[in-house]
């Protein structure tokens with residue numbers, strides 16, 4: 001029984017059969033992009049690949065049980081435990097800002113929702129870069145290559161890839177009622193949010209396999225780690241990239257392992273490259289410690305400037321969710337089911353024997369994409385609806401029956417930043433998302449709260465007498481609703497854009513359209529930080545698609 005479970009949750013061994021400190025590819029960060037790259041690049045047995053991860057292996061049981069994100073977020077076993085600065089737009093609050101520090105990265109602790117975004121997102125990337133390879137048509141081909149879709153091969157989906165896309169293994173009556181209410185409000189029913197136009201309401205597809213979470217370590221790295229040309233090093237903190245100040249060649253990496261500094265080299269004379277896949281927060285930290293970033297900012301920290309790139313750490317974008325909570329009567333929600341000893345026992349037994357029920361559920365089950373106001377040209381807000389409620393993440397569920405309808409602005413115009421303020425790699429960076437800092441974002445927030453009220457007032461929900469618990473009906477005017485948004489808003493964990501790709505005439509572009517760092521040779525940044533603009537939805541799958549594109553470039557496929 002134990003052996004079977006270990007096989008299911010993806011415990012594997014990685015081996016160093018090369019006995020060398022020189023590699024063709026050095027990948028920094030074993031997250032959504034890094035694990036996929038490790039799999040693709042080791043398919044050529046002549047290429048030596050090193051994958052360095054700051055966190056531990058993914059052999060922590062709560063990573064693999066879907067509801068285990070509750071025990072992984074803000075837990076040093078799997079999370080960097082970052083926080084934002086005090087945000088003016090959020091009534092001066094600082095938010096928890098989870099980022100995965102474990103094999104699988106954020107795919108080990110995220111909400112498991114499989115979402116590509118909308119076609120227009122990718123056309124905006126083409127406009128920003130001048131490169132048609134980022135078009136929706138080309139992106140769709142890459143998604144299909146690594147996808148194993150529950151519905152089989154069709155115009156929109158692939159089958160047989162490493163990344164399993166499953167239907168959820170539970171339903172909630174209150175979610176079905178909300179879906180009917182949304183349809184009554186003019187949002188059409190949808191059975192697939194990944195066809196390029198997401199307008200609609202339906203259940204999310206999830207990154208799960210037989211009721212277990214699927215992370216990228218299990219999907220891509222487990223098989224790759226059996227290859228003798230891959231070395232995986234965990235609990236190793238990359239301190240800096242080794243870049244020659246004259247030639248600007250990135251020729252290696254320095255990291256700390258058990259308190260000992262180790263330097264590894266990249267075979268740049270044979271076309272080798274260093275691939276930075278540490279995410280929208282981590283990649284910035286490593287670049288700045290290595291002397292790549294704003295010259296003025298680096299000089300204040302006493303870091304020798306290798307390449308003056310003022311865009312490093314700027315252009316931070318994230319989805320801010322506004323969590324509206326409604327009490328209901330005459331219908332059960334997870335609040336009351338999980339608040340009794342018997343209810344908890346039944347939930348546990350259902351998962352043990354069926355791999356279904358609340359322990360198999362993603363944080364949000366029902367989704368909806370809608371127009372916050374008639375002047376919007378495409379669906380610009382996304383709902384994550386949950387059959388539960390709580391004051392804030394990490395606290396107990398409320399004692400009363402309720403549901404939460406979280407709505408986020410998919411295309412925020414606010415821009416923030418992330419920067420180091422110390423050369424010590426263990427000192428957290430300063431993360432300033434700058435939420436609700438533009439008139440447009442504040443208008444969308446107010447419109448979104450009104451739209452939610454419209455849905456909840458539909459006939460389908462009336463029998464259950466929904467009562468707005470948060471933010472409360474006392475917020476009515478635009479100014480009041482903007483204040484409410486600042487009080488209930490929180491991150492939905494989608495930071496992107498901090499090393500954006502762009503045209504040569506964009507002074508803030510850090511990368512070219514093939515994700516090479518401008519002015520530094522043999523170095524690419526391959527993660528969500530490369531996005532010039534955020535995708536209209538959850539960001540894990542687009543990050544994998546970005547890695548798939550770089551794998552194509554490096555392997556010539």
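The values are calculated or read from the model by the stated rules, or taken from the named source; none is laboratory data. Please read these numbers as outputs of a predicted model, since none were measured by experiment. No Cβ is skipped: glycine too gets one built from the backbone with ideal geometry, and neighbour counts run over all protein chains shown.
All told, residue 442 meets the bar of being in contact with a helix residue (DSSP H, G or I) (Cβ under 6 Å, 6 or more places away or on another chain) and either modelled with pLDDT of 95 or more or closer than 30 Å to residue 65 by Cβ (or both). Within segment 155-174, the set of residues being assigned to a helix (DSSP H, G or I) and crowded, with 21+ Cβ neighbours inside 10 Å comprises 174 only.
Taking the stated definitions as given, is residue 269 in contact with a helix residue (DSSP H, G or I) (Cβ under 6 Å, 6 or more places away or on another chain) and farther than 21 Å from residue 98 by Cβ? Taking the combined requirement at face value, the residue does not satisfy it. Checking the stated criteria, residue 218 turns out not to satisfy the condition of being outside any strand (DSSP E or B) and modelled with pLDDT under 95. May I ask you to list pairs of residues, at least six apart or on different chains, whose Cβ atoms are under 7 Å apart, with the first in segment 258-271 being in contact (Cβ under 8 Å) with a residue 24 or more places away in the chain and the second being assigned to a loop (DSSP other than H, G, I, E, B)? The qualifying pairs are 264/21; 265/21; 266/272; 266/522; 267/24; 268/522; 270/24. Being over 23 Å from residue 433 (Cβ atoms) and more than 20 Å from the chain's Cα centre (by Cα) is true of residue 135.
Suppose we filter segment 486-540 for residues that are in contact with a helix residue (DSSP H, G or I) (Cβ under 7 Å, 6 or more places away or on another chain), part of a strand (DSSP E or B) and over 18 Å from residue 286 (Cβ atoms); how many remain? Number satisfying all stated conditions: 1.
Each row is one residue, and each column tells you yes or no for (1) surrounded by fewer than 23 Cβ atoms within 10 Å (Cβ to Cβ); (2) over 27 Å from residue 455 (Cβ atoms); (3) free of Cβ contacts under 8 Å to residues at least 24 places away in the same chain.
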| residue | (1), (2), (3) |
| --- | --- |
| 185 | yes, no, no |
| 188 | yes, no, yes |
| 199 | yes, no, no |
| 205 | no, no, no |
| 210 | yes, yes, no |
| 214 | no, yes, no |
| 224 | no, yes, no |
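Residue check: residue 170 meets all listed conditions (1) modelled with pLDDT of 95 or more; (2) within 30 Å of residue 453 (Cβ to Cβ) but one, namely (1). On the basis of being part of a helix (DSSP H, G or I), at pLDDT 95 or above and in contact with a helix residue (DSSP H, G or I) (Cβ under 6 Å, 6 or more places away or on another chain), does residue 182 make the cut? Yes, satisfied.
Which of (1) assigned to a loop (DSSP other than H, G, I, E, B); (2) modelled with pLDDT of 95 or more does residue 138 not meet, given it meets every other one? Single failed check for residue 138: (1).
Is it the case, given these coordinates, that residue 332 is modelled with pLDDT under 90 and in the same structural domain as residue 176 (by TED's automatic domain parsing)? No, not satisfied. When 448, 417 are checked against the criterion of being under 21 Å from residue 310 (Cα atoms) and modelled with pLDDT of 95 or more, 417 stands alone in meeting it.
Restricted to segment 244-260, and to residues that are in a strand (DSSP E or B) and more than 29 Å from the chain's Cα centre (by Cα), which residue is surrounded by the fewest Cβ atoms within 10 Å (Cβ to Cβ)? Looking at the filtered set, the residue picked out is 260.
Among residues of segment 281-319 being in contact with a helix residue (DSSP H, G or I) (Cβ under 8 Å, 6 or more places away or on another chain) and either assigned to a strand (DSSP E or B) or at pLDDT below 95 (or both), the one that is nearest to residue 507 (Cα to Cα) is 308. Take residue 452 and tell me if it is within 26 Å of the chain's Cα centre (by Cα) and without any contact (Cβ under 8 Å) to a residue 40 or more places away in the chain. Spelling it out, it is not the case that residue 452 is within 26 Å of the chain's Cα centre (by Cα) and without any contact (Cβ under 8 Å) to a residue 40 or more places away in the chain.
Inspection of segment 386-404 finds a residue satisfying the criterion of being surrounded by fewer than 22 Cβ atoms within 10 Å (Cβ to Cβ), under 26 Å from residue 497 (Cα atoms) and assigned by TED's automatic domain parsing to the domain that holds residue 475. When segment 86-106 is filtered for residues that are over 18 Å from the mean Cα position of the chain (by Cα) and crowded, with 17+ Cβ neighbours inside 10 Å, the ones remaining, listed by number, are 87, 89, 90.
Checking residue 508 against (1) surrounded by fewer than 17 Cβ atoms within 10 Å (Cβ to Cβ); (2) in the same structural domain as residue 290 (by TED's automatic domain parsing); (3) farther than 25 Å from residue 432 by Cα, which test does it fail? Among (1) surrounded by fewer than 17 Cβ atoms within 10 Å (Cβ to Cβ); (2) in the same structural domain as residue 290 (by TED's automatic domain parsing); (3) farther than 25 Å from residue 432 by Cα, the lone unmet condition for residue 508 is (3).
Within segment 261-274, the set of residues being in contact with a strand residue (DSSP E or B) (Cβ under 8 Å, 6 or more places away or on another chain) and either assigned to a helix (DSSP H, G or I) or over 11 Å from residue 24 (Cβ atoms) (or both) comprises 261, 262, 263, 264, 268. Regarding segment 278-293, can at least one residue be identified that is on the phi > 0 side of the Ramachandran plot, over 21 Å from the mean Cα position of the chain (by Cα) and buried (at least 19 other Cβ atoms within 10 Å of the Cβ)? Within segment 278-293 (the criterion being on the phi > 0 side of the Ramachandran plot, over 21 Å from the mean Cα position of the chain (by Cα) and buried (at least 19 other Cβ atoms within 10 Å of the Cβ)), the answer is yes, since at least one residue qualifies.
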